[in-house]
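Here is the structure we will look at.
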């Protein structure tokens, strides 16, 4: 039986700035490490490969040295061929591109990569070559910014797609857009995204995320009603602190409060006063544990994808979410805001939680109350993607 040739690349620094509120890793690696950030890309890549362990005798993994793939695949016991040696301990986009070139030269069946939108662009720069456009790719979500439609919805879902290919299931191929934003503007709260390219991907819709919907909500009246509902909650419970997540819907709430907002970060509000802006994961955990009253999360979903955790809000780590759930009220301490139009755009697909902690994602699964207007709420399912 012919072995499946799996090309495998990890961007070891992908997403490293997320938990320390740096909004990305471009040019910020040393700063992120100094703030206590811990690399997560290899951990998330491991979750994907673990799905393939029952088939490891039928798979050869072609990869790059060290933390770019070799260590992860070898530790799991796969048959590994290292076809690219990184020259520096701290890898960069050139390493990703050179590794992709080496994989394509080996005639791999698919390139599986772990990273964010920047890594997707690096891979696309190589795959876009006319000689290689037929080679499919698939992303394991591991970055701060994941706007592109070339990623599985979770690391485990990425593994399941490869499993379908290994077991010779019919897998339809389509094209996915590669998107990216300017991190310099991103850190200033300005989202400027554009389409850079496209790549061929397996189109198993159970497992592959949509391109993130862009733009600001246009129905200001609905957003005003949603904001009014939350503000009334704040008035009724002055002893509580509210942790305001990222997104345009929560930004509208902050605008209605007359408070400065970190569009792509996390802020803390108490008695309608901004206590801390653009807070890191560590500072947020300290704020929750130090506060004598309840702490409640106010979050929204990523339009077009449905993620409420694990995309653009890595400050809301598993221990943060568990600390919120452990308080009186449990799941009711997670306040999700969304217009009905935004929910309808999901096409009956559930909301998604991809915290990186499978047990927590399963705990969060079930119907959640979504605030869709003033005194207007709906029940909507939240799932732990498999």
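The values are calculated or read from the model by the stated rules, or taken from the named source; none is laboratory data. Values in this document were obtained by computation on a predicted structure and should not be read as measured data. All Cβ positions, glycine included, derive from the backbone under ideal geometry; neighbour counts span all protein chains shown.
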* Go through the residues of region 85-96 one by one and say whether even a single one is modelled with pLDDT of 90 or more, surrounded by fewer than 22 Cβ atoms within 10 Å (Cβ to Cβ) and assigned by TED's automatic domain parsing to the domain that holds residue 146. => yes
* Looking only at region 49-63, decide whether some residue is surrounded by 23 or more Cβ atoms within 10 Å (Cβ to Cβ) and part of a helix (DSSP H, G or I). => yes
* To do: For region 97-112, indicate whether the set of residues that are over 21 Å from residue 180 (Cβ atoms), more than 21 Å from the chain's Cα centre (by Cα) and assigned to a strand (DSSP E or B) is non-empty.
  => yes
* Mind listing just one residue for me: the one in region 113-130 that is surrounded by fewer than 23 Cβ atoms within 10 Å (Cβ to Cβ) and assigned to a loop (DSSP other than H, G, I, E, B) and, of those, farthest from the chain's Cα centre (by Cα)? => 130
* If a residue has to be over 13 Å from residue 250 (Cβ atoms), within 19 Å of the chain's Cα centre (by Cα) and in a strand (DSSP E or B) to count, how many in region 265-299 make the cut? -> 0
* Top-ranked residue in region 247-264 [being touching a strand residue (DSSP E or B) at 6+ places or on another chain (Cβ under 8 Å) and either free of Cβ contacts under 8 Å to residues at least 40 places away in the same chain or part of a loop (DSSP other than H, G, I, E, B) (or both); ranked as farthest from residue 285 (Cα to Cα)] -> 257
* **Flag if residue 63 is out of contact with any helix residue (DSSP H, G or I) (no Cβ under 9 Å at 6 or more places or on another chain), modelled with pLDDT of 95 or more, under 20 Å from residue 159 (Cα atoms) and assigned by TED's automatic domain parsing to the domain that holds residue 140** => no
* Structure fact -> Residues of region 326-361 being without any contact (Cβ under 8 Å) to a residue 24 or more places away in the chain and over 29 Å from residue 140 (Cα atoms), in sequence order, are 326, 330
* Hey, does region 362-378 have a residue that's assigned to a strand (DSSP E or B) and without any contact (Cβ under 8 Å) to a residue 12 or more places away in the chain? -> yes
* Asked: Is there a residue in region 167-175 that is at pLDDT 80 or above, under 27 Å from residue 353 (Cβ atoms), under 18 Å from the mean Cα position of the chain (by Cα) and not in a loop (DSSP other than H, G, I, E, B)?
  -> no
